[in-house]
Amino acid sequence: MSAPLLQVSGLVVRYGAVTAVRGVDLAVGEGEIISIVGPNGAGKTSLVSAIAGIVPAASGSIVFGGKSLAGIALEDVVAHGIALVPEGRHIFASLTVTENLLLGATVRSDADGVRADLDRSFTMFPILGARRRQPAGQLSGGEQQQLAIARALISRPRLLMLDEPSLGLAPAVVDQVYVLLRSVREQGVTILLVEQNAERVFGLVDRVHVMSGGEFGLSGTAAEIKTDPRFDAAYFGVHMHEASSGAKSEP
Amino acid sequence: MEHSVQTLVDAVSVGSLYALTALGIGLIFGVMRLINFAHGELITFAAYALLALFGLPVPVMLFGAIAVAVLLALITERAAFRPLRSADPTTLLISSFAVSFFLQKLLILVVGSRLKGLDFLPALGRQVELMGVRLQLLQIATIVVSAVLLVGLTWFLRSSRLGLQMRAAAEDFRMARVLGVRANRVIAMAFALSGILAAAVSCFLVVQTGVVQPRMGLQLVVIAFVGTVIGGLGSLTGAALGGFLVGAASILLQALLPPDLRVFREAFVFVAVALVLLFRPQGLIPARGLKERI
């Protein structure tokens with residue numbers, strides 16, 4: 001097997017005295033769709049933020065496409081081919097839908113290609129086409145999520161990272177978002193998907209890592225994880241040996 | 001009738017100068033959350049550039065004033081504000097005071113604190129008759145140039161790539177950087193634009209007063225800052241409008257107040273400001289979706 005597109009090794013992220021990510025190893029192969037699930041505060045966002053260059057890694061390495069991302073400025077990460085759909089969407093509310101999408105193409109210099117991709121976005125996300133001149137702040141939550149995904153895709157990323165794309169959306173709207181992700185996947189974009197809601201991701205992804213307390217407690221294919229009796233324990237952060245051998249009494 | 005038109009034109013012209021100053025402050029606040037009191041020194045230094053180049057052709061003097069203000073803006077950004085970019089707004093504010101005082105004292109040290117007369121563009125002092133009303137050419141020039149700068153700036157922000165990046169950075173700088181927007185470039189551009197605006201204000205101020213002195217920019221900036229606050233910090237339209245209103249109001253009060261109350265006109269302006277902030281604490285045109293800086 002060739003080297004994975006993204007190789008994270010021994011990654012540690014600290015905020016002052018708090019350690020949010022404790023030595024995580026993660027490999028994402030080209031064309032794969034991988035999910036990290038875990039409860040609130042598990043360190044999922046910190047992990048993704050470190051890969052995106054938003055927070056520094058205290059130790060460990062992040063290698064993408066054969067190049068180390070250590071010490072790279074935040075604004076240079078996207079040029080390497082990593083696009084982020086952040087938690088809370090972070091669309092530019094006062095700018096129009098088209099302007100938001102154009103900002104997604106900041107690192108591209110092929111004006112004609114960008115225009116073609118803009119039209120392609122409007123085909124793939126018809127509601128954005130219909131509202132292209134409206135301020136993005138006027139869109140509904142689900143529409144804003146579509147905009148955030150379209151904005152990330154227009155940079156033509158090799159890896160698309162999505163942090164809780166279903167957060168705050170009605171279940172029917174989440175279904176729509178997942179249908180979209182499926183079509184993004186069919187275009188061959190590698191996806192790293194962070195979710196709190198594990199049930200959602202099983203039908204979509206290849207492999208799942210269950211994260212809790214800053215570590216991966218359980219990893220496997222979606223089918224394996226779905227039926228693994230250790231899932232609840234891993235999700236809620238009980239250590240494996242404790243979960244299997246029952247509660248240990250203190251000496 | 002003639003007198004009231006003259007007063008109105010005077011109010012609009014002074015309001016325009018404050019609007020340009022407030023815009024210069026608002027541009028920097030937008031991208032950096034920095035209230036740059038050293039903006040006043042950009043105005044002052046541009047005026048001294050005019051003084052130093054006096055006697056040369058007018059275009060050379062104008063170019064010199066713009067170059068000095070832009071360069072000084074870029075240098076203060078690089079030397080004083082870039083190292084503090086992730087500091088909190090209070091630290092930035094205090095360092096802008098430090099920069100302001102430093103530049104003022106530097107000027108006093110080098111050229112002295114005395115007023116110096118400067119008869120720049122005396123032709124603008126002429127009266128012209130427009131639709132039966134006698135007006136000062138300077139006022140018309142101020143209004144026209146301010147309008148051109150406002151339109152030009154709006155065009156730049158709306159239609160250029162860098163302008164779009166500046167607007168995005170003003171709303172959510174970190175997300176803009178995630179998309180590849182270069183923080184250094186956007187911030188340097190904001191400072192350069194504020195330098196251009198300061199140079200324009202400086203030229204009109206020199207023509208109007210006929211003097212230069214080391215504190216000339218500061219008074220203007222304090223009032224213009226009040227304008228950006230009542231307009232709504234973080235909103236450029238708000239800054240321009242707020243600056244304009246404060247400037248125009250002080251001229252109108254000067255004309256409309258009974259003579260023995262005129263010395264208190266600033267007090268009336270600030271009462272009005274207090275009232276605006278009481279009823280609209282976010283300003284007249286609040287900034288939308290203002291997010292924390294990087």
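The values are calculated or read from the model by the stated rules, or taken from the named source; none is laboratory data. All values derive from a computational prediction rather than experimental measurement. Heads up, the Cβs are rebuilt from the backbone with ideal geometry, glycines too, and the neighbour counts pull from every protein chain shown.
Only one of these conditions is not met by A:S121: (1) within 20 Å of the chain's Cα centre (by Cα); (2) not in a helix (DSSP H, G or I). Which number is it?
Among (1) within 20 Å of the chain's Cα centre (by Cα); (2) not in a helix (DSSP H, G or I), the lone unmet condition for A:S121 is (2).
Which of the residues spanning segment B:37-57 are in a helix (DSSP H, G or I) and either at pLDDT below 95 or under 17 Å from B:V221 (Cβ atoms) (or both)?
Across segment B:37-57, the qualifying residues are B:H39, B:G40, B:E41, B:L42, B:I43, B:T44, B:F45, B:A46, B:A47, B:Y48.
Cβ contacts < 7 Å: first residue closer than 19 Å to B:L164 by Cβ and at the interface with chain B (Cβ under 7 Å from one of its Cβ atoms), restricted to segment A:86-97; second residue in a loop (DSSP other than H, G, I, E, B) and not aliphatic (A, V, I, L, M), any location; separation 6+ or different chain. Result?
Final answer for the pair search is A:H90/B:D172; A:F92/B:D172; A:A93/B:R288; A:A93/B:G289; A:S94/B:R288; A:S94/B:G289.
Give the residue that is modelled with the lowest pLDDT, with candidates limited to residues of segment A:144-169 that are away from chain B (no Cβ under 14 Å) and surrounded by fewer than 21 Cβ atoms within 10 Å (Cβ to Cβ).
This residue is A:G168.
Name the single residue, out of those in segment A:170-197 being among the hydrophobic types (A, V, I, L, M, F, W, C) and loosely packed, with under 12 Cβ neighbours inside 10 Å, that is nearest to A:E30 (Cα to Cα).
Keep residues of segment A:170-197 that are among the hydrophobic types (A, V, I, L, M, F, W, C), which gives A:170, A:172-174, A:177, A:179-181, A:184, A:189, A:191-194.
Narrowing further to those that are loosely packed, with under 12 Cβ neighbours inside 10 Å: A:172, A:179.
Details: A:A172: 30, A:V179: 21 Å.
Across segment A:170-197, the extreme among qualifying residues is A:V179.
Run down B:I94, B:I28, B:I75, B:I108 and say which single residue is surrounded by 15 or more Cβ atoms within 10 Å (Cβ to Cβ), in a helix (DSSP H, G or I), of a type in the set (V, I, T) and out of contact with any Gly (no Cβ under 8 Å at 6 or more places or on another chain). Before you say what the answer is, go through the steps one by one.
Numbers: B:I94 fails: surrounded by 15 or more Cβ atoms within 10 Å (Cβ to Cβ); B:I75 fails: surrounded by 15 or more Cβ atoms within 10 Å (Cβ to Cβ); B:I108 fails: surrounded by 15 or more Cβ atoms within 10 Å (Cβ to Cβ).
On inspection, the qualifying residue turns out to be B:I28.
With respect to A:F64, is the statement that it is at pLDDT 95 or above and within 21 Å of A:Q144 (Cα to Cα) true?
Values: at pLDDT 95 or above: yes; within 21 Å of A:Q144 (Cα to Cα): no.
Criteria not met by A:F64.
Residue-wise test of (1) modelled with pLDDT of 90 or more; (2) within 14 Å of chain A (Cβ to nearest Cβ); (3) part of a helix (DSSP H, G or I).
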| position | (1), (2), (3) |
| --- | --- |
| B:L241 | yes, no, yes |
| B:A248 | yes, no, yes |
| B:L253 | yes, no, yes |
| B:L277 | no, no, yes |
| B:G289 | no, yes, no |
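Looking at (1) within 12 Å of chain B (Cβ to nearest Cβ); (2) surrounded by 14 or more Cβ atoms within 10 Å (Cβ to Cβ), which is the one condition that is false for A:S46?
The number of the failed condition is (1).
Just the residues that are of a type outside the set (A, V, I, L, M, F, W, C) and loosely packed, with under 15 Cβ neighbours inside 10 Å, please, taken from segment B:56-72.
B:P57, B:P59
Out of (1) surrounded by fewer than 19 Cβ atoms within 10 Å (Cβ to Cβ); (2) more than 21 Å from B:R177 (Cβ to Cβ); (3) modelled with pLDDT of 95 or more, what's the single condition that is false for A:T96?
(2)
Every residue in segment B:67-84 that is touching a residue at least 12 places away in the same chain (Cβ under 8 Å) and touching a helix residue (DSSP H, G or I) at 6+ places or on another chain (Cβ under 7 Å), please.
B:V68, B:A69, B:V70, B:L72, B:A73, B:L74, B:T76, B:E77, B:A80, B:F81
Just checking, how many residues over segment B:133-170 are outside any strand (DSSP E or B) and more than 14 Å from chain A (Cβ to nearest Cβ)?
Adding up the residues that qualify gives 20.
Would you pick out the residues in segment B:159-185 that are touching a Phe, Trp or Tyr at 6+ places or on another chain (Cβ under 7 Å) and not aliphatic (A, V, I, L, M)?
B:G163, B:E171, B:D172
Among all residue pairs at least 6 apart or on different chains, which show Cβ distances below 7 Å where the first residue, located in segment B:37-66, is of a type in the set (D, E, K, R) and the second is in a helix (DSSP H, G or I)?
B:E41/B:S100; B:E41/B:L103; B:E41/B:Q104; B:E41/B:G217
Specify the residue that is farthest from the other protein chains (Cβ to nearest Cβ); the eligible residues are those in segment B:171-202 that are touching a Ser or Thr at 6+ places or on another chain (Cβ under 8 Å) and of a type outside the set (A, V, I, L, M, F, W, C).
B:S202
I need the full set of residues from segment A:12-32 which are surrounded by fewer than 18 Cβ atoms within 10 Å (Cβ to Cβ) and over 23 Å from A:G88 (Cβ atoms), in order please.
Across segment A:12-32, the qualifying residues are A:V12, A:A17, A:T19, A:R22, A:G23, A:D25, A:A27, A:G29, A:E30, A:G31.
Go through (1) modelled with pLDDT of 90 or more; (2) part of a helix (DSSP H, G or I) one by one and return the number of the condition B:P214 breaks.
The failed condition is (2).
Could you check segment A:57-79 and list, in sequence order, the residues that are closer than 21 Å to B:N184 by Cβ and more than 10 Å from chain B (Cβ to nearest Cβ)?
Within segment A:57-79, A:L69, A:A70, A:G71, A:I72 meet the criteria.
So which pairs qualify, if the first residue must be in segment B:91-117 and in contact (Cβ under 8 Å) with a residue 60 or more places away in the chain, the second must be of a type in the set (V, I, T), the Cβ gap must be under 7 Å, and the two must be at least 6 apart or on different chains?
B:S96/B:I35; B:V99/B:T76; B:L107/B:T44; B:L115/B:V211; B:K116/B:V211; B:K116/B:V212; B:G117/B:V211
Restricting the search to segment A:98-132, which residues are within 13 Å of chain B (Cβ to nearest Cβ) and touching a strand residue (DSSP E or B) at 6+ places or on another chain (Cβ under 8 Å)?
Scanning segment A:98-132 gives a single hit, A:G104.
Is at least one residue of segment A:198-221 within 21 Å of A:T106 (Cβ to Cβ), crowded, with 21+ Cβ neighbours inside 10 Å and in contact (Cβ under 8 Å) with a residue 12 or more places away in the chain?
No; the residues of segment A:198-221 include none that is within 21 Å of A:T106 (Cβ to Cβ), crowded, with 21+ Cβ neighbours inside 10 Å and in contact (Cβ under 8 Å) with a residue 12 or more places away in the chain.
Scan A:S61, A:S9, A:S35 and give me the residue that is outside any loop (DSSP other than H, G, I, E, B), crowded, with 18+ Cβ neighbours inside 10 Å and of a type in the set (S, T, N, Q).
From the options A:S61, A:S9, A:S35, the qualifying one is A:S35.
Can you tell me which condition A:Q138 does not meet? The list is (1) under 23 Å from the mean Cα position of the chain (by Cα); (2) more than 19 Å from A:L193 (Cα to Cα); (3) surrounded by fewer than 17 Cβ atoms within 10 Å (Cβ to Cβ), and all the others hold.
(1)
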